[in-house]
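Accompanying notes for the structure given below.
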Amino acid sequence: MKGTVGLFDSGLGGLITARYLHQLRPDLSLLYYGDTAHLPYGDKSPAQIRAYTREIVSFLVEKGAEAIVIACNTASAVAHEVAVEAAQGLPVFDAIQPALARLLNSTPATIGIIGTYTTITSGVYRDPLREAGYLVQERPTPLLVPMIEEGWLDHPATHATIETYLSALGEIDTLLLACTHYPLIEPAIRRYYQTTGKPVQILSTARLLAEAVATTLPRAEDLSPPSLQIWVSDPNPRFQALAERFWGTALPIMPASTSPTALAKSPAP
Ligand code: DGL
């Protein structure tokens, strides 16, 4: 394997996953597709998300991806098979399996799950967890992705929304961030639980997915420096600014194909 991984999501969430993967496996070259023209995915129909997935995976394969990472819970919940078909035999990682494996290996607990409407209503987490005897409290939290893409990471409206959503979950001891965007508001979520005085373990599907990919893929055989290419379906300055803030470096974000840019060595976020 030369070491080229293609990841995608509706926007920033998959880029967060890519950042974690880069920290864990700096030898890999990354191709990232942010489908900003169709953001948020969470309120689209499964058929629509499957259509986007097919197109994006084909694009990444054409650009040279040797493995595909569905860095989006919503697409993982409803479009895994389509991604596998479009990947033409390449390995496909989804956001759900690593998180489920981790939860199913934990001691019985009350697990809270937050994510998009599509992810929550699909039951991809709830059903296997309940079957295994876990108590599950779940809730769609659709307002969070637009707030994150707006850069409202520490905004009073975001704190109020988080409080409204999380207080409705009731008592839990583990919270699964079942949307790859949510690590950006993890500090705000932690702050909410500090105010309640009840310790809650927070698990991030973005981080668990990056760990699974990092530990599964073999070392890159290509000795040329790893590269990063990022495409978005609808470039906008807010996305660029937030993405660069999170990566801590200028990023080559393209509306269409250009030549690869060397991965910058940048500090951890
Ligand atoms: N980050 C994605 C997820 O994990 C998609 C969020 C959205 O676009 O609604 O579900």
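The values are calculated or read from the model by the stated rules, or taken from the named source; none is laboratory data. Just so it is clear, the structure is predicted and the values come from calculations on it, not from any experiment. Virtual Cβ from ideal backbone geometry, glycine too; neighbours counted across all protein chains shown. The protein model used for the area step is the full one, side chains on, heavy atoms only, and it has no ligands, DNA or RNA in it. Shrake-Rupley method; radii C 1.70, N 1.55, O 1.52, S 1.80 Å.
Screening residue 84 on (1) more than 16 Å from the ligand (Cβ to nearest atom); (2) at pLDDT 95 or above; (3) under 17 Å from residue 210 (Cβ atoms); (4) touching a strand residue (DSSP E or B) at 6+ places or on another chain (Cβ under 8 Å) shows it passes everything except condition (3).
Cβ-Cβ contacts under 9 Å between residues 6 or more apart (or on different chains), taken from a first residue in the range 220-236 that is within 16 Å of residue 64 (Cα to Cα) to a second residue that is in a loop (DSSP other than H, G, I, E, B) and of a type in the set (Val, Ile, Thr), are listed as 229/258.
Could you list all residues from the range 143-168 that are under 17 Å from residue 40 (Cα atoms) and surrounded by fewer than 12 Cβ atoms within 10 Å (Cβ to Cβ)? Answer for the range 143-168, where residues must be under 17 Å from residue 40 (Cα atoms) and surrounded by fewer than 12 Cβ atoms within 10 Å (Cβ to Cβ): there is none.
Residues of the range 2-58 that are of a type in the set (Val, Ile, Thr), in contact with a Gly (Cβ under 6 Å, 6 or more places away or on another chain) and either more than 23 Å from residue 88 (Cβ to Cβ) or assigned to a helix (DSSP H, G or I) (or both): 36 alone.
Just so you know, in the range 1-41 the residues that are open to solvent by 30 Å² or more (accessible area, probe 1.4 Å) and within 16 Å of the ligand (Cβ to nearest atom) include one that is farthest from residue 209 (Cα to Cα), and it is 37.
Conditions (1) in contact with an Asp or Glu (Cβ under 7 Å, 6 or more places away or on another chain); (2) crowded, with 20+ Cβ neighbours inside 10 Å; (3) free of Cβ contacts under 8 Å to residues at least 40 places away in the same chain, marked per residue:
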site	(1), (2), (3)
45	no, no, yes
49	no, yes, no
55	no, no, yes
60	no, yes, no
64	no, no, no
68	no, yes, no
71	yes, yes, no
77	no, yes, no
84	no, no, yes
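One line per residue, one yes/no per condition, for (1) farther than 19 Å from residue 255 by Cβ; (2) of a type in the set (Ser, Thr, Tyr); (3) touching a strand residue (DSSP E or B) at 6+ places or on another chain (Cβ under 9 Å):
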| site | (1), (2), (3) |
| --- | --- |
| 35 | no, no, yes |
| 42 | yes, no, yes |
| 48 | yes, no, no |
| 51 | yes, no, no |
| 58 | no, yes, no |
